[in-house]
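Let me begin by presenting the structure, written as structure tokens, before commenting on it.
The values are calculated or read from the model by the stated rules, or taken from the named source; none is laboratory data. This one's a predicted model, so the numbers in the text were calculated from it and none came from an experiment. Positions of Cβ are generated from backbone atoms using ideal geometry, with glycine treated the same way; all protein chains shown enter the neighbour counts. Side chains are part of the model used for accessible areas, which takes the heavy atoms of the whole protein and leaves out ligands, DNA and RNA. Shrake-Rupley method; radii C 1.70, N 1.55, O 1.52, S 1.80 Å.
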Amino acid sequence: MLRPELKNGNKLKIYTYPDPVLRKKAEPVKVIDERIRRLAQDMLYTMYEAPGIGLAANQVGEASRIIVFDLRPKENGRHPCALINPEIIDAEGEVTTEEACLSVIDYCADVKRKARVRVKGLDLEGKEVSLDAEGLLAVCLQHEIDHLDGILFIDHLSALKRALYKKRLKKKLKKSS
Ligand code: NI
């Protein structure tokens, strides 16, 4: 079951760029135990609170290969999804979408990605699952799996665009300190 039952969780701290934890390559989860299930629930809770449509474990400071996501608008009811050790096994086409990230504050930009992906992984019971995704879900899955490899959406931009964002962020951090 890709969709865990939604439980109340703890709101975790979301680390933001340029925190080095976001650059760490996450390790595969070896045993899916209560701790991992708890973490996934807390990640879902944190994602809904933010609010966001996806979250990877590195973003909350855990270098484990876990992602959660829910693309359904809130008014249509929650549709929580969690995937352990997700892997893109097939991808095709090309699509450009404006992306944002809970770890990259106050910024969004067009990113080019694969239009369709097949992703496999494990659910919270350790059962193998696979899903074929297109549209925003395909983009979200690529964005979250990137996180697990220490990659942020701004890494897909031109060096110039990235430099502009860094400059803006520096200014902003200076102002708030
Ligand atoms: Ni993100």
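Put simply, the Cα atoms of the range 57-177 extend 47, 32, 32 Å along their principal axes, the longest span coming first. With 28 Å as the limit, the listed pairs Lys13/Lys167; Lys7/Lys175; Lys25/Lys114; Lys74/Lys174 have Lys7/Lys175; Lys74/Lys174 beyond it between alpha carbons.
Compared with the dominant Cα axis of the chain, that is its longest principal axis, helix 135-148 is turned about 80°. For the chain, the longest principal axis of the C-alpha atoms and the axis of helix 159-176 are separated by about 80°.
Across the accessible surface of the chain, with the other protein chains kept in place and a 1.4 Å probe, carbon and sulfur atoms take up 50 percent.
Note on the chain: antiparallel DSSP beta bridges, both residues inside, total approximately 95 percent of the bridges counted.
Binning all Cα-Cα separations of the range 1-124 at 5 Å, short to long from zero, yields these whole-percent fractions: 2, 10, 19, 22, 23, 16, 6, 1.
When you filter the GluC sites (Glu not before Pro) in the range 76-177 for DSSP loop state and at most 15 other Cβ atoms inside 10 Å of their Cβ, you are left with Glu94, Glu125. Probing with 1.4 Å while keeping every protein chain in the model, the per residue accessible area of the chain equals 56 Å². Given their separation in residues at 0.36 nm each and the Cα-Cα distance between them, Lys112 and Asp155 gain 14.3 nm when the chain is fully extended.
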